[in-house]
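The structure appears right after this line, and notes come after that.
The values are calculated or read from the model by the stated rules, or taken from the named source; none is laboratory data. Everything quoted here is computed from the prediction, not taken from an experiment. Neighbour counts run over all protein chains shown; Cβ positions are idealised from the backbone, glycine included. In case anyone asks, the SASA skips ligands and DNA or RNA and just uses the protein heavy atoms, side chains included. Shrake-Rupley method; radii C 1.70, N 1.55, O 1.52, S 1.80 Å.
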Amino acid sequence: MRQWLISLIVAFQFLTRLPIPVQVEYTKRYVSRSVLFYPVVGFVIGFILYLALVVLSSGSAPLDAAVLLLIWTLLTGGLHLDGLMDAADGLGSHRPREQMLAIMKDSRVGAMGVLAAFFVLLVKWASLWTLLDRLRQGSISGSMLLCLLLTIPAVSRGAMVAAIVRRPYIGGEQGMGGLFQEARAGYLAGALLLLLFPVILWPSFGWILLFGIQAAAAWLLVRHFVRRLGGLTGDTYGALNELVETAGLLAAVYISF
């Protein structure tokens, strides 16, 4: 039990900037086991966002959407956004594989990285704005918005678990991703079971479709990364999370729940 508790703490400390004043050892065992709790981290992020919306609501949908997105980004410390920018710089360079990997390791951000971050944040903001507008018009309920905020970040982090467990890591031992190499298929199965929580609470075809769209986006992205790079890195994990979240928010705008 103690080992699983440490792994839970590792998941929150690694994926968020929530103040958890506990020092734990980041060994391969704990970091690998922590992936089981990635959807839990997504649920907590979504719940915090909903609480923030309730407390900080200004009555202006575009402003509330911007504040919500700011909090969303600060909760993760921009970790996944940084990975998105690095991955965009590398893959967008259209260089040979080794050069793309070298560009991704460079701490400097290029034009492709800036554009990727800009458009992802823009689409997220516009999607949140639309959903908040519908909430005020009565088109969706508060409980439905809560479920969306719980589901979307949880599924995107579940996609990271699938990528970690099912696809080869090529980032080298010096990268944080090298600590995930003991992650097992059982952890993925556990993470997927946790993702059934929103479906059980709000059973409908809309939720199944949302899951399907995010899962399809994750599969296509991972397939693209592996084809171009030969495997995955820590940066592609972050890019995967950001893009699957964005796909989920976009899908939520167009799906009738």
Legend entry - Filtered residue count, segment 53-67, keeping only those that are assigned to a helix (DSSP H, G or I) and over 19 Å from the mean Cα position of the chain (by Cα): 8
Legend entry - Contacts under 7 angstrom Cβ, first residue in segment 75-94 being under 18 Å from Ile170 (Cβ atoms) and in contact (Cβ under 8 Å) with a residue 24 or more places away in the chain, partner among the basic types (Lys, Arg) and part of a helix (DSSP H, G or I), 6 or more apart: Leu91/Arg228
Inset, instruction - Considering only segment 205-234, state which residues are under 14 Å from Thr246 (Cβ atoms) and open to solvent by 60 Å² or more (accessible area, probe 1.4 Å). - result: Ile213, Leu220
Inset, instruction - Give the residue that is nearest to Phe197 (Cα to Cα), with candidates limited to residues of segment 117-145 that are touching a residue at least 12 places away in the same chain (Cβ under 8 Å) and open to solvent by 50 Å² or more (accessible area, probe 1.4 Å). - result: Ser143
Inset, instruction - May I ask you to verify whether Ala163 is surrounded by fewer than 16 Cβ atoms within 10 Å (Cβ to Cβ) and at pLDDT below 95? - result: no
Inset, instruction - From (1) under 23 Å from the mean Cα position of the chain (by Cα); (2) open to solvent by 30 Å² or more (accessible area, probe 1.4 Å); (3) under 20 Å from Leu49 (Cα atoms); (4) of a type outside the set (Gly, Ala, Ser), pick out the condition that doesn't hold for Val114. - result: (3)
Legend entry - Filter result for Ala102 (of a type in the set (Gly, Ala, Ser), part of a helix (DSSP H, G or I) and surrounded by 14 or more Cβ atoms within 10 Å (Cβ to Cβ)): no
Inset, instruction - Could you please find all residues in segment 21-39 being surrounded by fewer than 20 Cβ atoms within 10 Å (Cβ to Cβ) and part of a helix (DSSP H, G or I)? - result: Lys28, Arg29
Legend entry - Residue under evaluation Leu18, criteria (1) touching a Cys at 6+ places or on another chain (Cβ under 9 Å); (2) surrounded by fewer than 18 Cβ atoms within 10 Å (Cβ to Cβ), criterion not met: (1)
Legend entry - Residue within segment 235-254 that is closer than 24 Å to Ser32 by Cα, aromatic (Phe, Trp, Tyr) and open to solvent by 20 Å² or more (accessible area, probe 1.4 Å) present: no
Inset, instruction - Being surrounded by 16 or more Cβ atoms within 10 Å (Cβ to Cβ) and at pLDDT 80 or above is the filter; apply it to segment 193-204 and report the residue that is nearest to Thr151 (Cα to Cα). - result: Leu195
